[in-house]
Structure formats: structure tokens, C-alpha cells
1. In segment 210-228, which residue that is surrounded by fewer than 17 Cβ atoms within 10 Å (Cβ to Cβ) and touching a residue at least 24 places away in the same chain (Cβ under 8 Å) is nearest to the chain's Cα centre (by Cα)?
2. Determine if segment 364-386 includes at least one residue that is of a type in the set (Asp, Glu) and closer than 27 Å to Glu336 by Cα.
3. Only one residue in Trp291, Trp314 is among the aromatic types (Phe, Trp, Tyr), under 17 Å from the mean Cα position of the chain (by Cα) and over 28 Å from Arg410 (Cβ atoms), so which one is that?
4. Between a first residue in segment 42-64 that is farther than 14 Å from Ala272 by Cβ and a second residue that is in a strand (DSSP E or B) and of a type outside the set (A, V, I, L, M, F, W, C), which pairs have beta carbons less than 6 Å apart while being 6 or more apart in sequence or on different chains?
5. Restricting attention to segment 335-356, which residues are at pLDDT 95 or above and outside any loop (DSSP other than H, G, I, E, B)?
6. Inside segment 404-441, can you point out the residues that are farther than 19 Å from Asn320 by Cβ, out of contact with any Ser or Thr (no Cβ under 9 Å at 6 or more places or on another chain), hydrophobic (A, V, I, L, M, F, W, C) and surrounded by 15 or more Cβ atoms within 10 Å (Cβ to Cβ)?
7. Where the second residue is exposed (fewer than 13 other Cβ atoms within 10 Å of the Cβ) and assigned to a strand (DSSP E or B) and the first is of a type in the set (Val, Ile, Thr) and lies in segment 229-253, which pairs have Cβ atoms under 6 Å and are six or more apart or on separate chains?
Amino acid sequence: MTTLAADREIEHLMTLHPKGFDLSLDRITRLLERLGNPQDRLPPVIHIAGTNGKGSCAAFSRALLEAAGHLVHVHTSPHLVNWHERYRLAAEGGGKLVDDDVFAEAIARVAKANQGQKITVFEILTAVTFILFSEHPAEAAIIEVGLGGRFDATNVIARPAVSVIMPVSLDHEAYLGDRVEVIAAEKAGIMKRGCPVVIGAQESETALEVLIETAERLDCPTVVYGQDFLAFEENGRMVYQDEDGLMDLPLPRLPGRHQFANAAAAIAAVKAAGFEIGHRAAERAMANVAWPARMQKLTQGRLVDLAPKGAEIWLDGGHNPGAGVVIAEALAEQEEKNPRPLILISGMINTKDQSGYFSAFKGLARHVYTVPVSKSDAGVPNDELALRATDAGLSAEPVGSIANALMLLRDSWDGPAPRILIGGSLYFAGAVLDENGTPPT
């Protein structure tokens with residue numbers, strides 16, 4: 001496989017700079033000043049934070065704006081297979097992943113401007129976002145927060161068109177704190193005085209209170225899910241409602257009831273950012289939205305060919321207890337419509353609450369195969385992960401790889417074709433798409 005020029009640039013950076021996150025804005029601010037502050041020359045920015053649902057909100061926002069004919073840049077993280085996935089540049093007919101030569105040149109330029117000073121690779125790649133998005137024309141930019149909010153490297157945008165806070169729950173406790181109100185305060189750090197705020201569906205009343213109080217203190221025009229806007233299913237359709245009235249829309253292409261709230265947050269965000277979204281554009285967006293490794297149905301590929309005949313295979317990178325709950329609910333919906341035995345093939349990393357994730361599937365999953373996460377040195381050993389699944393009340397066994405799990409299942413299966421969920425980590429989901437031969441495009 002040919003190594004791309006941008007990959008070589010990033011690999012070089014990783015030999016020079018520390019891995020991980022260093023939550024501060026000093027280094028990124030210094031670097032951006034040397035680059036001429038490209039973050040101040042962006043099109044209107046939809047800035048999205050939250051524990052779960054950030055990526056789906058970004059995908060719905062992109063689909064809505066593109067359906068309405070707008071040119072849109074999108075920054076998301078992490079990537080699944082290739083670094084280029086983090087940068088989707090506006091183009092007629094829909095945004096395209098950044099070209100390798102354009103990406104490599106931007107990385108080299110930012111690294112040169114940094115002059116060898118201490119910085120993380122994520123900060124350099126965030127500066128690359130601002131370089132790319134300021135130098136290529138677009139009418140909107142959707143930027144997903146990497147970690148937290150207040151000290152995330154993306155939080156140098158002085159006047160976002162709208163700040164969006166998606167569901168907040170416990171995750172990255174080592175960096176963000178172990179209480180949901182503390183994490184909510186970190187996420188609320190992307191709010192800017194007087195700039196519009198959209199607060200997505202929150203499970204925690206405490207988190208919601210923190211978010212609303214922060215928005216009020218900063219005099220931000222604010223709309224809140226369940227109070228100022230909402231979405232619900234009616235007669236096999238999704239109805240979106242806000243102060244402007246109702247929109248009767250097709251069910252989103254992304255499966256799971258939780259996607260109604262994500263779609264609603266995106267509609268509210270795009271409107272709060274000053275864009276008009278007509279009914280027809282919203283219909284197209286619901287039908288066309290795509291977000292890899294979030295309840296993605298795999299229908300072809302090398303791994304799919306190894307599964308039991310007729311198996312239904314889903315891939316999801318959700319990796320914390322909150323994500324486990326929404327994934328389990330989505331699969332329970334599938335079970336109601338079309339009953340099948342559910343099998344999990346799971347790989348997770350050691351910074352996550354593995355038992356908390358698995359507990360959401362108790363009574364729903366028949367068996368779990370645990371496998372190593374090949375793309376991360378933080379992967380939980382498969383035998384240890386099997387113990388975590390057993391602790392959560394599931395039947396589990398460790399196997400050596402995803403391919404081995406699928407072949408073992410195929411060779412031992414006797415009964416109706418199963419429903420298989422592969423997931424537990426975005427790194428793991430990326431490895432699945434790579435091994436399956438179906439990377440994001």
C-alpha cells in the first residue's frame with residue numbers, strides 16, 4: 001500500500017512531538033499568530049461540542065446545508081482509516097476529502113511556522129484546519145471539537161455563527177473530570193458572549209442547568225432541545241418542531257431513535273447560524289445523510305464475506321456507557337421490526353468504561369466475541385475485555401481477530417441468520433472498515 005505524502009508528514013511530526021492532548025490554548029494561539037490568524041478568516045462556523053452525537057450533528061448539518069445548495073467545509077475527529085477524513089473541503093455537488101498534495105503542503109507549512117517549539121500533533125492538525133478552511137472558498141464551516149471544549153485547540157474561533165452542545169456524559173475523565181457538571185462546564189467553554197447557542201438533548205438535568213446558566217451569563221441567544229425545539233416519530237415519519245412550526249420529514253437515513261434528536265439539533269443549529277432551510281432541502285438531507293461507523297450497515301466487503309450466510313452486520317464506534325445505551329436502543333428497535341439473535345464483536349481501549357458499555361446490552365446480546373484493537377497501543381487485551389463483558393452479565397469469549405470471530409461464528413452457527421454488532425471503539429471501527437476494504441470517502 002502506497003504511503004501518502006500527508007501521512008509521511010504526520011509520521012515525522014509524531015517523532016518530534018508528544019502524543020495525546022495538552023489542554024491549553026497558548027501554543028495553538030502562538031502558532032496561529034505566526035500563520036496570520038487564519039481562524040479569523042473563516043466562513044460562518046458551526047462549532048460542535050458534546051460527549052456523544054457530535055459527529056452525527058456535523059453530518060446532519062453538512063447534509064442540510066449542501067441540500068440547500070451551500071458550499072461547506074467540515075472538520076471532524078478522529079479519523080477512521082485515513083487522516084484525510086478529518087478535512088472535507090467544499091465543492092460543487094458536495095464536499096470532498098482534502099487532496100493529498102494540498103494536505104501535505106499545509107502540514108509542512110504549519111510545521112515550519114511552529115519552528116520546532118513544543119506542541120501536540122493535534123494542535124498542528126487543528127491549525128491545518130484553519131489554513132485549509134480559510135484558503136478555500138465556502139459559505140459555512142462545520143468544526144467538531146476534539147476533546148472537551150474550553151481548552152480544545154479548535155476553541156480559538158472568536159465569533160462562531162453558533163455553538164452547539166450535544167449530549168454530555170462521563171468520558172475522558174482523566175482530562176475533563178469525573179462529574180457530569182464539571183464536564184458540562186468544559187463543553188460550555190466553546191460558548192462566546194452574544195453568539196447563538198443550541199443545546200441538544202441532555203440526559204442529565206445537572207448538565208443542562210450548567211449549560212443554560214453559562215449561556216445566560218454570556219447573553220447568548222439560546223434554544224434548548226425539548227423546550228424550544230424537538231423531534232419525534234409519527235406515522236413512520238420524523239416531525240421536527242420549533243417556534244416556526246412543524247416539518248414533516250422522512251426518517252433519517254442514520255438508524256436509531258437517538259438520531260431524531262441529533263437531526264433536530266442540526267436543523268436548529270443551521271437555522272441559528274442564519275441559514276434558511278426549506279422543507280424540500282430538509283427532506284433531501286434526511287435521505288442523504290451519511291456518517292461512517294455510526295450504526296453503519298455493512299453489506300459488502302472482505303469481512304462481510306466471512307460472516308454466516310444472511311447475517312445482518314452493523315458497525316458502530318460508540319465507546320462509552322452513554323453510547324452503549326443509544327446503540328442498544330437502536331438494536332432493540334431493529335429487534336422489534338425484524339427479530340434476530342444479536343451477537344457482539346467488540347474491541348475497546350483502556351481509557352473507557354468497558355463494563356459500563358457492555359451493561360447496556362444485558363438481556364439483548366446472546367454472546368460477545370472480544371478481539372484486540374490493532375490500531376491502538378491502548379487496546380484492552382481480548383481476554384481482559386471478555387472478563388469486563390462477563391462482569392456486565394454477558395456471555396463472552398476472547399478471539400484473535402475480527403476475521404476469526406466471524407469465521408468461528410459462521411462455522412458454529414445453527415439457527416436463524418444473526419444480527420452482528422461490531423464496535424466498542426472508533427479505532428476499532430476504523431480497523432474494521434480498513435480490513436473490510438470499505439474506507440470512508
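1. Among residues in segment 210-228 that are surrounded by fewer than 17 Cβ atoms within 10 Å (Cβ to Cβ) and touching a residue at least 24 places away in the same chain (Cβ under 8 Å), the one nearest to the chain's Cα centre (by Cα) is Gly226.
2. no
3. Trp291
4. Lys54/Glu144; Ala58/Glu144
5. Scanning segment 335-356 gives Leu342, Ile343, Leu344, Ile345, Ser346.
6. Matches in segment 404-441: Leu406, Met407, Leu408, Leu409, Trp413, Ile420, Leu433.
7. Sorted first by the residue in segment 229-253, then by its partner, the pairs are Val239/Leu246.
The rows are residues; the columns are (1) out of contact with any helix residue (DSSP H, G or I) (no Cβ under 7 Å at 6 or more places or on another chain); (2) crowded, with 24+ Cβ neighbours inside 10 Å; (3) of a type in the set (Asp, Glu); (4) within 15 Å of Leu65 (Cβ to Cβ).
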position	(1), (2), (3), (4)
Ala263	no, yes, no, yes
Ala266	no, yes, no, yes
Phe275	no, no, no, yes
Arg284	no, no, no, yes
Leu306	no, no, no, no
Trp314	yes, no, no, no
Gly317	no, yes, no, no
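The values are calculated or read from the model by the stated rules, or taken from the named source; none is laboratory data. Model, not experiment: these values are computed from the prediction. Virtual Cβ from ideal backbone geometry, glycine too; neighbours counted across all protein chains shown.
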